[in-house]
Amino acid sequence: MTDQTPRPAYHRLVSSHRWPRSVYGEGVEPDPRFSLANERTFLAWIRTALALLAVAAAVDALPLGIGVRAQALLSTVLALTGLVAAVHAWRDWSRTEQAMRRDLPMPGNAAGIVVTVGVGLAGVVLLVASLMRGLA
Amino acid sequence: MTDPLPRDPGLPQERTALAWRRTGLALVAGALGIGRLTMETLGTGVLLPAGIAAALALWVVGVTLRGGRYAAAHPDEPHFDRVLVDGRVPGVVTAIVVGLALGELASASAQLIP
């Protein structure tokens, strides 16, 4: 292919108006396959956050027989974990895109530990509340 | 001159388009579902923010279904025409989910601290 004419959308990619500037202000366009993989990772984290929030809402609204306070605590833990997952989705997407553009090392995944602990904590709350109900 | 055949056998563009589709639909369902369930604890006041969240989620679905609105051609790889134009759509998606999380937290803590 010898056609070097820029495609109509080309200027949108190299324009300095791409938001956020912290991501697009510097560096070169990475391999599109890596950008697409980064997008899919972002979307997977968003769906994880949505799943946690859906369970939090269900636990908040439907009677489980473990007491209103225990359900509210369980729902709070799950909703906070979902919030962390959502914020991580954005932070990880922008920092990864930034690292790829500037050929820097990839960001770490500290939020993965937080989400693991959050889900584990929700399990503990559910277990303890169920046991206390069973023994009462 | 778009190449009709994707050159990467892993079909990254198609997989990404499908990921956007299912995430967009999950966002709409999440906004409506969480809005409906938190209405029990927070009252009808949640209808407005839930409606805004659902409308934004529908916007995301529309924008990502019609690839051209959110995507641009890659400057060096013309057959990749679905790279994100910039971070605006991911930003809106994140804002919707953070909003839903805060709504759900408000609902849960209203019952935790009576």
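The numbers here are math on the coordinates, done by the rules we state, and not lab data. Everything numeric here is computed off the predicted structure, so don't read it as measured data. Neighbour counts are summed over all protein chains in view; Cβ atoms, including those assigned to glycine, are modelled from backbone coordinates with ideal geometry.
Filter the range B:10-41 down to the residues that are among the β-branched types (Val, Ile, Thr) and touching a residue at least 60 places away in the same chain (Cβ under 8 Å), then identify the one that is surrounded by the fewest Cβ atoms within 10 Å (Cβ to Cβ). Show your work before the answer.
Initially, the range B:10-41 is screened for residues among the β-branched types (Val, Ile, Thr), giving B:16, B:23, B:28, B:34, B:38, B:41.
Narrowing further to those that are touching a residue at least 60 places away in the same chain (Cβ under 8 Å): B:16, B:23, B:34, B:38, B:41.
Working: B:Thr16: 25, B:Thr23: 24, B:Ile34: 29, B:Thr38: 25, B:Thr41: 19.
Of everything passing the filter in the range B:10-41, B:Thr41 is surrounded by the fewest Cβ atoms within 10 Å (Cβ to Cβ).
Within the range A:67-87, identify whether any single residue is under 30 Å from A:Val28 (Cα atoms), within 17 Å of the chain's Cα centre (by Cα) and either outside any helix (DSSP H, G or I) or in contact (Cβ under 8 Å) with a residue 40 or more places away in the chain (or both), and answer yes or no. Yes - at least one qualifying residue is present in the range A:67-87.
Does any residue of the range A:62-81 turn out to be touching a Gly at 6+ places or on another chain (Cβ under 7 Å), under 18 Å from B:Ala95 (Cβ atoms) and buried (at least 16 other Cβ atoms within 10 Å of the Cβ)? Give the steps one after another, and end with the answer.
First, the residues of the range A:62-81 that are touching a Gly at 6+ places or on another chain (Cβ under 7 Å): A:77, A:80-81.
Within this subset, residues satisfying the condition of being under 18 Å from B:Ala95 (Cβ atoms) are A:80.
After this cut, where a residue has to be buried (at least 16 other Cβ atoms within 10 Å of the Cβ) as well, the list is A:80.
Among the residues of the range A:62-81, at least one is touching a Gly at 6+ places or on another chain (Cβ under 7 Å), under 18 Å from B:Ala95 (Cβ atoms) and buried (at least 16 other Cβ atoms within 10 Å of the Cβ), which makes the answer yes.
Pick out, from the range B:1-113, the helices (runs of 4 or more DSSP H) lying fully within it that include 3 or more residues that are over 20 Å from the mean Cα position of the chain (by Cα). Working first, answer last.
Numbers: elements: B:12-42, B:47-65, B:88-112.
Correct list: B:12-42, B:88-112.
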